[in-house]
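Enquirer: For reference, the structure I am asking about is given below.
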Amino acid sequence: MLALTLFAQPEARGETEAIDCAERMAQHAGAWRALPPGTATRLKSAISGGEPELHLFEANLVCDEIDAVICTRPEGEGSCAHLLLSDPDRGCQGPVAGPYCVAWEDSLAPAELRQPILDRLKERAPRDVWMPVERSARASSSPDQARADAALWPMAVSLLALLILLGLGVALGRWTGAPLAARTGVPLAAGLLLAWFAPTISTWDLLGATALVCGACWLTGRREPLTYGLWARVIGVFLVCVVLLEGAVRLLLPTPPQSPPPQQARLVFTPEARESACRALYPKAYPDALPTMNNTKGRVVVHLGDSMVFGTGVSPGARFTQLLDQKSPDAHHLNAGFPGTGPDHHLSVLRAWLPSAKPDAVILYLYPGNDLVDMDRAYACCDHGPLLGAKLETRCQDPRWSFPMGALLARSPAPYPLRAASSHLHLAAHLSATFSRLTAALEPSLGDAAGTEEAEAAWDRYTGALGAIRDLAAEHQVTLTAVLLPTRVVLEPGAAPSHAQGVGDRMLKIAQQESLQVLDARPWITPLAQDGSYAHLFGDGVTWDEHLSEAGHRSLADWLFERL
């Protein structure tokens, strides 16, 4: 046995190259080992979860090397790193991480992803992945060996599905046992109901299949129906147009953006992959939702907050929590920030994780910009409703996923035939990428608190949530500290800071009334202006971006390190 297959898993493409590996064995006769079946699954588990979020997108096995692509988001989206993992016993010119020698594809491996990937492989990859290979196994890699190539079957499946749907629509159209309106309306209603009540099935595929059946039914059931001959001509014209457009696209347009391989063109998707804030609430269902707590450094400090803590807009290694971790030889700082969340989510995270994680300290970050707006917002994992009940009790002990139609349409991938064809046709790849960009705009917005007047009921809920967090920390004997973050709208010249300033002042007062130890970070940032502006500390200079830049994270880490 010379090369063993990496089996394809969800969110990870696995494929074996059918080449002759005997030459490599001859060059490294004393150190030739291969990877067993299931390596893709184990590699995916080592990469997935934790902070930062990483996903194994592709894993192609060539003899004893893995040609891998690791991305920050599922389906090959976000920032991606291309790397080659090999056996370090054969000699290694690059870094060794766990059981692998790592070689980067320089032009396709962003610097900010390299260290997190190396750390993940070093800390979590199993050490027993390599198996000795007998040199007499040359016959298994003969040129006649069947190539594990799954590039064509998705195309065949999608074309067969299209023909079946068209046939079903034609059959309904020719059936005269019910009025045409009923024959067309029943599959339409069934498709819409299924799209609503089955969010794990690709919504655009359901709607596309419904439209195809209904359209074929209507065209066939009219007074002047389409004949089989006319159907054949329509399909023929369509195929000719596709061929002509494909040629034009290849001549006139640049290489299309990276598309998921056919193995990833699935009808079923996992909506929770886009809901990291939800997954953090259910450690039994999603044990890797939070980063691994490193107890070897002594104290474990959990930093809890929203996108300001998560570090939106900066690389994982530049976040202030990571910088604090580097500064603290005796403490491990864990980033538990989740974009779009408020105190209700922070309370729910602590309820879920404190009993088992048992950190030594929790740092709760209060952000005047939108904490009250994010309080009691709808969560997909809680029947698209708030996380807490009227008395701040947990509403959903187990995840109950529900999505508004806008979110379903925004998160569902392009229709299956388009995805399946993307590896073969540049036209399909361009259309798929454009489709995803357009539908992303359908995602419901969370809103913004800047310039709005919060109701007293919202303040009461906010006060209750802070009190519940205080009591929960005391119950588990965890040190709790609150940090009031600054808002850029208060700092920049020309702004109208009165309302935002008042929100921050009231948050500080409530936290103090609830007996929380509070660090007010607003005085920290006030003297740091350059030429009258704070742009260098926020959003890498982007106008009015409230998120801290890398310089802002460095400065905040220095300030916190002196006080925590």
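Enquirer: Among the residues of the stretch 352-362, is there at least one that is out of contact with any helix residue (DSSP H, G or I) (no Cβ under 7 Å at 6 or more places or on another chain), of a type in the set (Phe, Trp, Tyr) and either within 17 Å of Ala277 (Cβ to Cβ) or at pLDDT below 85 (or both)?
Expert: Filtering the stretch 352-362 for residues out of contact with any helix residue (DSSP H, G or I) (no Cβ under 7 Å at 6 or more places or on another chain) gives 352-353, 355-361.
Imposing the further condition that a residue be of a type in the set (Phe, Trp, Tyr) reduces the set to 353.
The next check asks that each one be either within 17 Å of Ala277 (Cβ to Cβ) or at pLDDT below 85 (or both); those that pass are 353.
The answer is yes; a qualifying residue exists.
Enquirer: Right, another one. Go over the candidates Gly539, Gly532 one by one and state the one that is buried (at least 18 other Cβ atoms within 10 Å of the Cβ) and of a type outside the set (Ser, Thr, Tyr).
Expert: Step by step, each of Gly539, Gly532 is checked, and only Gly539 is buried (at least 18 other Cβ atoms within 10 Å of the Cβ) and of a type outside the set (Ser, Thr, Tyr).
Conditions (1) surrounded by fewer than 17 Cβ atoms within 10 Å (Cβ to Cβ); (2) farther than 30 Å from Pro256 by Cα; (3) at pLDDT 80 or above; (4) under 25 Å from the mean Cα position of the chain (by Cα), marked per residue:
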position	(1), (2), (3), (4)
Leu364	no, yes, yes, yes
Asp374	no, yes, yes, yes
Tyr379	no, yes, yes, yes
Gly389	yes, yes, yes, no
Ser423	no, no, no, yes
His430	no, no, yes, yes
Leu438	yes, no, yes, yes
Ala473	no, yes, yes, no
Leu480	no, yes, yes, no
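Enquirer: I've got another one for you. Within the stretch 391-416, work out how many residues are modelled with pLDDT of 85 or more and closer than 15 Å to Ile201 by Cα.
Expert: Residues in the stretch 391-416 being modelled with pLDDT of 85 or more and closer than 15 Å to Ile201 by Cα: 1 in total.
Enquirer: Further question on the same structure: Got a sec? Which of Trp218, Trp231, Trp196 is closer than 23 Å to Arg411 by Cβ, surrounded by 14 or more Cβ atoms within 10 Å (Cβ to Cβ) and aromatic (Phe, Trp, Tyr)?
Expert: Working: Trp218 fails: closer than 23 Å to Arg411 by Cβ; Trp231 fails: closer than 23 Å to Arg411 by Cβ.
When all the criteria are applied, what remains is Trp196.
Enquirer: Considering every residue within the stretch 38-61, establish whether at least one is farther than 29 Å from Gln322 by Cα, over 30 Å from the mean Cα position of the chain (by Cα) and either assigned to a strand (DSSP E or B) or at pLDDT below 80 (or both).
Expert: Here is the first cut: in the stretch 38-61, the ones farther than 29 Å from Gln322 by Cα are 38-39, 60-61.
Of the ones still in play, those that are also over 30 Å from the mean Cα position of the chain (by Cα) are none.
No, every residue in the stretch 38-61 fails to be farther than 29 Å from Gln322 by Cα, over 30 Å from the mean Cα position of the chain (by Cα) and either assigned to a strand (DSSP E or B) or at pLDDT below 80 (or both).
Enquirer: Taking the stretch 150-174, which residues are in contact with a Gly (Cβ under 8 Å, 6 or more places away or on another chain) and exposed (fewer than 14 other Cβ atoms within 10 Å of the Cβ)? Steps first, answer last, please.
Expert: Start the filter on the stretch 150-174 by keeping residues that are in contact with a Gly (Cβ under 8 Å, 6 or more places away or on another chain), which leaves 169, 172-174.
Of everything in the stretch 150-174, just one residue is in contact with a Gly (Cβ under 8 Å, 6 or more places away or on another chain) and exposed (fewer than 14 other Cβ atoms within 10 Å of the Cβ), namely Arg174.
Enquirer: Give the stretch 404-434 a look and list any residue that's polar (S, T, N, Q) and within 16 Å of Val243 (Cα to Cα), or say none. Outline the logic, then answer.
Expert: From the stretch 404-434, those polar (S, T, N, Q) are 412, 422-423, 432, 434; that's our starting set.
Answer for the stretch 404-434, where residues must be polar (S, T, N, Q) and within 16 Å of Val243 (Cα to Cα): Ser422, Ser423.
Enquirer: Further question on the same structure: Just checking, which of Val213, Val234 is modelled with pLDDT under 85 and either part of a helix (DSSP H, G or I) or outside the structural domain of Pro417 (by TED's automatic domain parsing) (or both)? Break it down into steps so the answer makes sense when it comes.
Expert: On the way: Val213 fails: modelled with pLDDT under 85.
One residue alone meets the criteria, Val234.
Enquirer: Being crowded, with 24+ Cβ neighbours inside 10 Å and either over 19 Å from Ser307 (Cβ atoms) or polar (S, T, N, Q) (or both) is the filter here; which residues of the stretch 346-358 pass it?
Expert: Scanning the stretch 346-358 gives a single hit, Ser348.
The values are calculated or read from the model by the stated rules, or taken from the named source; none is laboratory data. Predicted, not measured: the structure shown is a model, and the values here were computed from it. Heads up, the Cβs are rebuilt from the backbone with ideal geometry, glycines too, and the neighbour counts pull from every protein chain shown.
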